[in-house]
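Below is one structure, written out as structure tokens; comments come after it.
The values are calculated or read from the model by the stated rules, or taken from the named source; none is laboratory data. The structure presented is a predicted model; accordingly, all values stated were derived computationally and were not measured. Positions of Cβ are generated from backbone atoms using ideal geometry, with glycine treated the same way; all protein chains shown enter the neighbour counts.
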Amino acid sequence: MDENIKNSASQMEYRSGSGETPAKGPRPDTVKIVAEMQKREAMASAVYKFLARRVTGRGGEMLMRVAGEKSVNAETLSRWTDKKGKAPLLKVWGWRLLSRLFGSSFVISRLEAGEAEARPYFAATVDEIPEAASVSESGEKHRIQLREVINLEGLRGIGSIVTGLYSAVLLITGSLAGFITALNDKRAVAVAGFCTGVAAALAAAVTGYSSQKAATGRQRPAGAAFSAFVLGVIASVLLVAPFFCGGGAWSSMMVSLLAAASVLALLAFFASVVRQETYFIVFVEMVLMTIGVSLAAMLAVWVAKAWFGLNG
């Protein structure tokens with residue numbers, strides 16, 4: 001939540017508790033809170049309009065309706081701020097970029113979470129700003145509608161790019177564990193792991209392309225595919241790089257798993273936001289699944305070698 005809202009709310013509480021008689025009309029601190037909420041409403045309106053063009057069907061219609069109502073809220077609050085509600089362009093572009101990278105559901109969840117945190121402070125201005133009540137009520141209605149939008153059109157997923165990256169991490173770590181069990185040459189493991197990493201990055205790109213095209217219909221999915229490929233290559237390099245350095249194969253595998261955990265820590269954040277689950281639980285779940293896949297790959301290779309009588 002914005003520090004401006006917190007600070008202004010704290011000053012309001014101090015003055016109300018000091019016995020000061022409020023002047024006629026809203027206090028300056030109240031106007032500051034209203035101005036911040038006006039900016040939030042205007043920014044949310046701009047972002048939701050952008051997302052509405054990317055989401056087809058009922059979900060897009062609901063987003064456009066919410067965007068229109070938030071624009072009206074920003075205009076209503078201008079009576080008290082004497083300013084036209086203008087969305088901060090840099091923040092709007094930032095949210096647009098995040099929606100392309102991590103999906104519409106992530107952006108919707110983050111925006112709504114920020115508004116939910118600020119809503120109690122804004123509701124405290126009702127005594128001085130009559131319109132604050134209706135704006136707060138509309139905010140609660142929007143929360144319900146936006147959660148429904150996330151449930152529509154397959155948006156509950158954490159974003160095609162994030163899904164592709166997670167699949168890439170599982171594929172690379174599992175393959176590396178299997179290669180170590182099957183091969184005695186660490187360099188061979190490194191080369192095989194690098195080839196697997198490239199394949200995983202391409203798979204993430206294809207996943208991003210297909211998911212984006214199927215989910216939005218009207219958008220060019222090439223951008224999502226390119227972003228997924230670049231991020232997939234970066235993740236692959238982080239996981240395979242230890243095998244090109246000094247040390248034994250198994251110590252390199254341990255370092256690779258630590259690198260995988262750092263990637264999963266980021267992916268778990270986005271997943272927890274969209275699913276509205278505890279971050280730690282999502283992160284542990286991802287790590288355990290990654291370790292489980294690696295152990296399963298090692299076991300499968302060991303059984304295959306024993307079955308076919310292979311040595312070394």
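Inside the stretch 47-75, can you point out the residues that are more than 20 Å from the chain's Cα centre (by Cα) and among the hydrophobic types (A, V, I, L, M, F, W, C)?
Hits for the stretch 47-75 are Met62, Met64, Val66, Ala67, Val72, Ala74.
Table: residues versus (1) touching a residue at least 24 places away in the same chain (Cβ under 8 Å); (2) over 18 Å from His142 (Cβ atoms).
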{"residue": "Lys49", "(1), (2)": "no, no"}
{"residue": "Ala52", "(1), (2)": "no, no"}
{"residue": "Ser71", "(1), (2)": "yes, no"}
{"residue": "Arg79", "(1), (2)": "yes, yes"}
{"residue": "Ser99", "(1), (2)": "yes, no"}
{"residue": "Ser104", "(1), (2)": "yes, no"}
{"residue": "Glu117", "(1), (2)": "yes, no"}
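Regarding the stretch 156-164, can at least one residue be identified that is at pLDDT 90 or above, assigned to a helix (DSSP H, G or I) and surrounded by fewer than 22 Cβ atoms within 10 Å (Cβ to Cβ)?
Going through the stretch 156-164, the residues at pLDDT 90 or above turn out to be none.
No.
Just to verify a result, which residue in the stretch 124-155, among those that are assigned to a helix (DSSP H, G or I), at pLDDT below 80 and of a type in the set (A, V, I, L, M), is nearest to the chain's Cα centre (by Cα)?
Filtering first and then ranking leaves Ile150.
Kindly provide the set of residues from the stretch 124-142 that are surrounded by 15 or more Cβ atoms within 10 Å (Cβ to Cβ) and of a type outside the set (Val, Ile, Thr), ordered by number. Outline the logic, then answer.
Of all residues in the stretch 124-142, those surrounded by 15 or more Cβ atoms within 10 Å (Cβ to Cβ) come to 124-125, 128-129, 131-132, 135-136, 138-139, 142.
Of everything in the stretch 124-142, those that are surrounded by 15 or more Cβ atoms within 10 Å (Cβ to Cβ) and of a type outside the set (Val, Ile, Thr) turn out to be Ala124, Glu128, Glu131, Ala132, Ser136, Ser138, Gly139, His142.
Test Ala260 against the criterion of being of a type outside the set (S, T, N, Q), at pLDDT below 90, under 23 Å from Asp185 (Cα atoms) and crowded, with 16+ Cβ neighbours inside 10 Å, and give yes or no. Give the derivation first.
Numbers: of a type outside the set (S, T, N, Q): yes; at pLDDT below 90: no; under 23 Å from Asp185 (Cα atoms): yes; crowded, with 16+ Cβ neighbours inside 10 Å: yes.
When the stated conditions are applied, Ala260 does not pass them.
With the condition being at pLDDT 80 or above and among the hydroxyl-bearing types (Ser, Thr, Tyr), I'd like the helices (runs of 4 or more DSSP H) fully within the stretch 1-91 carrying at least 1 qualifying residues. Don't jump to the end; show me each part of the working.
Details: elements: 3-17, 28-52, 57-81.
Qualifying helices (runs of 4 or more DSSP H): 28-52, 57-81.
Across the stretch 217-243, which residue is surrounded by the most Cβ atoms within 10 Å (Cβ to Cβ) among those that are over 18 Å from the mean Cα position of the chain (by Cα) and at pLDDT below 80?
Pro221
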